[in-house]
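Q: Quick one: the structure is below, questions incoming.
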Amino acid sequence: MRPRHGVTDDDDDGHYDGHYDGDYDGDALRAVARGRFRCVCFQLLHGRVAAEPKGPAGGGAVGAGRAARSSPETPTRVRIMTGTIAGVEIPDTAAAAEATGFLRETTDPLIFHHSRRVFLFASLHARNLGLRPDPELLYVAAMFHDTGLSRPFSEKEQRFELDGADHARAFLLDRGFSERAAEVVWTAIALHTTPGIPGRMGPETAATNFGVLTDAVGWGLDGLDDAQVDEIVGVHPRGEFKKEFLQAFLEGLKDRPDTTYGTVNADILEHFLPEFRRTTMVERITQAPWPS
C-alpha cells in the first residue's frame with residue numbers, strides 16, 4: 001500500500017479545489033467545542049435559520065420511502081458542493097445540501113473532510129460489491145455519522161454513535177422523509193463503529209461502515225483504484241488526520257467514559273488517559289449479584 005497525500009489546486013476557476021475559502025468562523029468553531037453553540041446547531045438542524053441559496057439545490061425522487069414535501073432552502077453561507085468526484089456523483093438534493101451546510105457550520109474541517117471521504121469511499125465500495133444504497137440516504141449517514149462527538153442529542157448520556165444517529169433521524173423527519181428512510185440512516189450511523197455486523201445488513205449500513213473503515217484504518221484501500229483515491233484525497237485532504245482524529249475522539253469521549261464499554265472507543269481512552277480502566281465482561285460476570 002503506497003502512502004496517500006492530499007494535493008490542492010489554489011486557482012480561481014470557480015471549482016472546489018480541496019480547501020476552504022472563508023466559510024469557517026474560528027470563534028464559532030471553538031464555541032462548538034465548548035458546547036456553547038447548541039442553539040445555532042438546533043436551528044440549523046431543524047431548518048430554522050434564514051436561508052440564502054448559493055448553488056443548485058435539486059429536488060427529484062431520491063430517497064427511499066420519502067414523503068412528498070416542499071424543497072427546503074439551503075442554510076445561509078453554505079456553498080453547495082455537488083458534482084462528481086472520483087466517478088461518484090454527489091447527491092444534488094435539498095436534503096444533501098442542507099446536510100453539507102449543517103456540517104460546515106457546526107464542525108471543523110477535520111470532520112467535514114472525513115465525512116465527505118467516507119461517503120465517497122462508501123460509494124466506491126458499494127459499486128465494487130454490487131450494493132445499491134440510496135445515494136441521498138448514504139450521503140446523510142456519512143455527513144452525520146460523527147456529529148455526536150461534539151454535540152450530544154439530549155441531556156441523556158449515551159454513545160456518540162447514538163447521538164449522531166438521533167441527530168440524523170430528527171433531521172430527516174423534519175424534512176418530510178419517511179420513518180423507514182430515517183431508520184435506515186439511524187441504523188447506518190448507530191452501527192458504524194461496530195465490528196462485523198454492518199456488512200451483513202442493508203446496503204446503506206454496510207457501505208457507511210466500509211467507508212468509515214477505509215478512511216480511518218485503510219480497510220479495502222488496496223482494492224480501490226489509485227487514481228480515484230488520489231482524486232478524493234486531493235479534493236478532501238487528510239492533512240494530519242491520524243493525530244487530529246484521535247484527538248477529536250478523545251475530546252468527545254473523555255467526559256462520558258462509561259459509554260465506551262464494549263466498543264472500540266474504549267481503546268482511545270485507554271491509550272490517552274492513564275487513569276482510565278475499562279471494565280471487562282469477566283468482571284461483570286464474576287461480580288454479578290448471583291450466588292453462583
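Q: Scanning for something within 25 Å of Leu253 (Cα to Cα), touching a Gly at 6+ places or on another chain (Cβ under 8 Å) and in a helix (DSSP H, G or I), does the stretch 123-141 turn up at least one residue?
A: no
Q: Then there is this: Quick one: which residue in Phe153, Phe119, Phe144 is surrounded by fewer than 24 Cβ atoms within 10 Å (Cβ to Cβ), among the aromatic types (Phe, Trp, Tyr) and touching a residue at least 12 places away in the same chain (Cβ under 8 Å)?
A: Sole residue among the options that is surrounded by fewer than 24 Cβ atoms within 10 Å (Cβ to Cβ), among the aromatic types (Phe, Trp, Tyr) and touching a residue at least 12 places away in the same chain (Cβ under 8 Å): Phe153.
Q: Just to be sure before I move on: is Gly196 of a type in the set (Gly, Ala, Ser) and without any contact (Cβ under 8 Å) to a residue 12 or more places away in the chain in the structure I sent?
A: yes
Q: Can you say whether Thr193 is open to solvent by less than 10 Å² (accessible area, probe 1.4 Å) and of a type in the set (Val, Ile, Thr), as far as the supplied structure shows?
A: Answer is no for this residue.
Q: Sticking with this structure for a sec: Quick check on my filter: what residues within the stretch 233-247 are of a type in the set (A, V, I, L, M) and buried (at least 20 other Cβ atoms within 10 Å of the Cβ)?
A: Val233, Val235
Q: Still on this structure, I have one more. So which residues in the stretch 156-187 are open to solvent by 50 Å² or more (accessible area, probe 1.4 Å) and of a type in the set (D, E, K, R)?
A: Lys156, Glu157, Arg159, Arg169, Asp174, Glu179, Arg180, Glu183
Q: Right, here's the next one. For residues in the stretch 278-292 being among the β-branched types (Val, Ile, Thr) and at pLDDT below 95, which is most open to solvent (accessible area, probe 1.4 Å)?
A: Thr279
Q: Take the stretch 261-277 and flag every residue that is surrounded by 16 or more Cβ atoms within 10 Å (Cβ to Cβ) and touching a residue at least 24 places away in the same chain (Cβ under 8 Å).
A: Result: Thr263, Asn265.
Q: Does Val229 count as under 23 Å from Ala168 (Cβ atoms), part of a helix (DSSP H, G or I) and modelled with pLDDT of 95 or more?
A: Spelling it out, it is not the case that Val229 is under 23 Å from Ala168 (Cβ atoms), part of a helix (DSSP H, G or I) and modelled with pLDDT of 95 or more.
The values are calculated or read from the model by the stated rules, or taken from the named source; none is laboratory data. Since the model is a prediction, treat every value here as computed from it, not as a measurement. Heads up, the Cβs are rebuilt from the backbone with ideal geometry, glycines too, and the neighbour counts pull from every protein chain shown. To get the accessible areas, we keep the full protein, side chains included, count just its heavy atoms, and leave off ligands, DNA and RNA. Shrake-Rupley method; radii C 1.70, N 1.55, O 1.52, S 1.80 Å.
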